[in-house]
Amino acid sequence: MREMRVLSPTAILGYGFPLSSFKSGMELDPHLIVVDAGSTDPGPYYLGAGVSFTHRNAVKRDLTLLLEGAISQRIPLIIGTAGGCGGAPHLQWNLEIIREIATEKGLNFNMALIPAEIDKNLVRDAFRQGQISPLKGVPELTEDDISQATRIVGQMGIEPIMVAIEGGAQVILAGRAYDPAVFAAFPIMGGYDRGLAFHMGKILECASIAAIPGSGSDCAIGYLRDDHFIIEPLNPNRRCTVTSVSAHTLYEKSNPYILPGPGGHLDLRETRFTQIGKGSVKVEGSRFRPSEEYTIKLEGAKKVGYRTISVSGVRDPIMIPQLDSILNEVQDRVRDNFSELGEGSYLNFRLYGKNGVMGPLEPEKDITPYEVGIIIDVVAGTQDMANTICSFARSTLLHFGYAGRLATAGNLAFPFSPSDINMGEVYNFCIYHLMKVKDGKTLFPVEFLEIGG
Amino acid sequence: MKIYRLIDIAKVIRSKNSGPYELTFDIIFKSQEIFEKVTSKKLVTSEIIGELYKVDPRDVSIVEFFPASAIKATIPRPIPSGDVAETDVYGAQQHGPLLKLEIPMEG
């Protein structure tokens, strides 16, 4: 029976992996190495600001091992959602790291770059033609969202990656991509079943998270065959079980049976999971259902201002029960002192020990904690304005004379000096929508380049 | 009829983003038997999750996932991930109230 072995070194490029696990994987003679580098989980800042949420040194460490491994065994290395968000600056950042490694290690290879930023005019035209619809829970798109977006990326499917492979690239650096597609493109070109290839990719993109004990920084391998695939961790201290692998299918998805992606959905209603030996799981019956129209997901973020925060704590049993009213009065004092701030600025007190974690979802409303952590959180149109409001709110709260106060020296315990921290630019997601496209390739033109030599 | 605490019959109770606009909760039961008891009697419903998180039950989606003996509940986020007033960018600490959930069950 023919077989394609796909090695997934880590859940996110830069999260690391034990060298011993990677070596074990390379000894199994994989046909390709695929690593996912991205996620929307760390929030809108990284997409908007064009920076990675992983550290350059950590990414370079992982990539050095992956590049050396792939080049020496003459197999492809595919990187999806470069730089964490897959926009143009993320792609360039990651390319620069690859060039640096190639120079240091004397590596030569053909490479493909697949940009995934989508031109605003194109998105605007599609919007006007009714080609864009919101994902569940997302507001309808507006023209303002499009014009205010700092950056819009589209999530590519398998087609652009196939173009890169056909063009002879050994190393492929893709912008924003549907995680399973990065894993599935090469096997699908080899004639393997789409449903199985996508499902294997869906599990492998998180590497050993689907094992027990789970880890986002350890290697896993998938053995794809004609009518099933097998998932196996590469660290002898981990096992894949039917429960761990099937439970992973639930992760970060709202419906584990139907997983939509570019060009269709993965249908897991008939999927069967079987334990093989102690640590491997066989999966069969997963189906890919192509959609009538090809859609890709768009992600966009817009800049909303600059943030300054101040961290402190309260341990006064007279003050804590009155906190809400005290903070309201401080709000009023700040607004009164800086009336020119208007609607464009935001001042919030995050109360840890009360509802700092759950905010409006917190059901426990009537408890009185003995200690409360306060983050004074300010977002304003300029950094200077955010600093001004934060500093004023901090000093007002520090010396606020609330009813019944005995501790007249100060209301806050500051762990740090300086007490206020500039957080820089603040972004919100403003686009999370599906766009109909004529095919999976057009928006993602592939660029070929030679590295080294 | 006996009152069971969810914490005693589940081995995984977690929350996470499902994209920046939805929160999804996974409850993986300790055994297939318990899972089947809970699902056959529909003991975890949109109404229960809606009540727990104060959201309209019509906005709660419940999926029973047999391969993992799991129930998944998804709600819209009150504030999208990373928005200015938001409190949990990854959505990974919104499961607390589920740990206190009690459900009546036979046997």
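The values are calculated or read from the model by the stated rules, or taken from the named source; none is laboratory data. Remember, it's a predicted structure, so these values are computed and weren't measured experimentally. All Cβ positions, even for glycine, are placed from backbone atoms using ideal geometry, and neighbour counts span all protein chains on display. Each accessible area value is taken on the protein alone, full model and side chains, heavy atoms only, with ligands, DNA and RNA left out. Shrake-Rupley method; radii C 1.70, N 1.55, O 1.52, S 1.80 Å.
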Handout entry: Contour excess over end-to-end distance, with Cα ends at A:Q383 and A:S417 and 0.36 nm allotted per residue
Key = 10.3 nm
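What pairs in A:K282/B:K42; B:K30/B:K100; B:K54/B:K100; A:K302/B:K16; A:K23/A:K105; A:K253/A:K436 have C-alpha atoms more than 25 Å from each other? Intermediate results must be reported in sequence, preceding the final value.
Details: A:K282/B:K42 30 Å; B:K30/B:K100 17 Å; B:K54/B:K100 15 Å; A:K302/B:K16 23 Å; A:K23/A:K105 18 Å; A:K253/A:K436 22 Å.
Check vs 25 Å cut-off fails for A:K282/B:K42.
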Exercise for the section: State the antiparallel share, in %, of DSSP beta bridges confined to chain A, rounding to the nearest 5. Expected result: 85 percent
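Roughly to the nearest percent, how much of the accessible area of the range A:108-245 is carbon and sulfur, given a 1.4 Å probe?
Numbers: 2080 of 4530 Å².
Answer for the range A:108-245 is 46 percent, counting heavy atoms of protein chains only.
Longest segment of chain A with no chymotrypsin sites (Phe, Trp or Tyr not before Pro) in a DSSP loop having at most 12 other Cβ atoms within 10 Å? The partial results should precede the final answer.
Details: sites that count: A:Y370, A:F416.
Excluding the exposed sites themselves, the longest stretch runs over A:1-369.
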Fill in the blank from the handout: If the chain between A:Q129 and A:N108 were fully extended at 0.36 nm per residue, the gain over the current Cα-Cα distance would be 3.0 nm
Fill in the blank from the handout: Scaled by the rule-of-thumb 2.2 N^0.38 Å, the alpha carbon Rg for the range A:256-312 gives a ratio of 2.03
Handout entry: Label-point separation, A:L19 to A:R315 (7 Å along Cα→Cβ), nm
Key = 4.6 nm
Completion exercise
Projected area averaged over all directions for the convex hull of the alpha carbon atoms of the range B:39-107, nm², comes out at 5.7 nm²
Handout entry: C-alpha center-to-center spacing [the range A:116-150, the range A:159-212] in angstrom
Key = 27 Å
Exercise for the section: Using only alpha carbon pairs under 8 Å that are at least six residues apart, calculate the relative contact order of chain B and give it in whole percent. Expected result: 41 percent
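Can you give the accessible area per residue of the protein assembly as shown, in Å², using a 1.4 Å probe? Don't jump to the answer; show the numbers that get you there.
On the way: 23000 Å² over 560 residues.
Value for the protein assembly as shown: 41 Å² per residue.
Rounded, prolate or oblate: which one fits the range A:316-412, using the alpha carbon gyration tensor with axes a ≥ b ≥ c (rounded when a/c is under 1.5, else prolate when a/b beats b/c, else oblate)? Don't jump to the answer; show the numbers that get you there.
Details: a/c = 2.20, a/b = 1.33, b/c = 1.65.
It is oblate, given that a/c is not under 1.5 and a/b is not larger than b/c.
Mind grabbing the interface size between B and A? I mean buried accessible area, both sides, 1.4 Å probe, in Å² to the nearest hundred.
On the way: alone 6480 and 20050 Å², together 23000 Å².
Summed over both sides, the interface buries about 3500 Å².
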Problem - B:D59 versus A:A407: modelled label distance in nm, points set 7 Å from Cα along the beta carbon direction - result: 3.8 nm
Fill in the blank from the handout: Between the alpha carbon centres of the range A:264-340 and the range A:379-453 the gap in Å comes to 15 Å
Problem - Fully extended contour minus Cα-Cα distance, from A:I375 to A:M1, at 0.36 nm per residue - result: 128.6 nm
